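Everything below concerns the one structure shown next.
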Amino acid sequence: MIENHLTINCGMSRRKTCTTMPRQRTRSDTLETAETRSAAIGTVGDVRPLGGDLSVATYNAAIDATRAKLSRYNALLSEAEIARREFDEAEYELADLNDRMLAAVGAVYGRNSQSYAKAGGRLKSERNAGSRKKTPTVTSTVGVN
């Protein structure tokens, strides 16, 4: 089973990272029970016809078909995980390119230009100068009537 965590860029220009858990490969208790039961029935020896479409051959064929479907499903999960990792890497690189493109526009045209604003930047003149929290003034009401 896959139990590792994948740290990725979440597509944010501030390099926010998040953790995603890949889908775990599936196992089947029913399939395991059927395989065990088939092996046990095989030790019985000469198995009589069980009626209807119930036979050891059809049972084993159903087990094999189910095992093949489970194997295919788990292979698709692995392929999907690879595709997800490739996408995450491409998204991370694109986020980096976003930042670099905006920085380049700011370097060429200035960070207070309309060209910079059109490219998605925030004008220097429109930024807050780092407003500081003011401590509230407390007036004393003790002893005042």
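FYI, it's all coordinate maths here, none of it is from the lab. Note that the structure is a prediction, hence the values are computed from the model and not measured. Backbone-built Cβ (ideal geometry, glycine too); neighbour counts: all protein chains shown.
Points to keep in mind about this one:
- Packing-based order for 92-102, 34-44, using average beta carbon neighbours within 10 Å, highest first: 92-102, 34-44
- Exposure proxy shown here: for Arg111, Arg127, the number of other Cβ atoms within 10 Å sets the order, fewest to most, as Arg127, Arg111.
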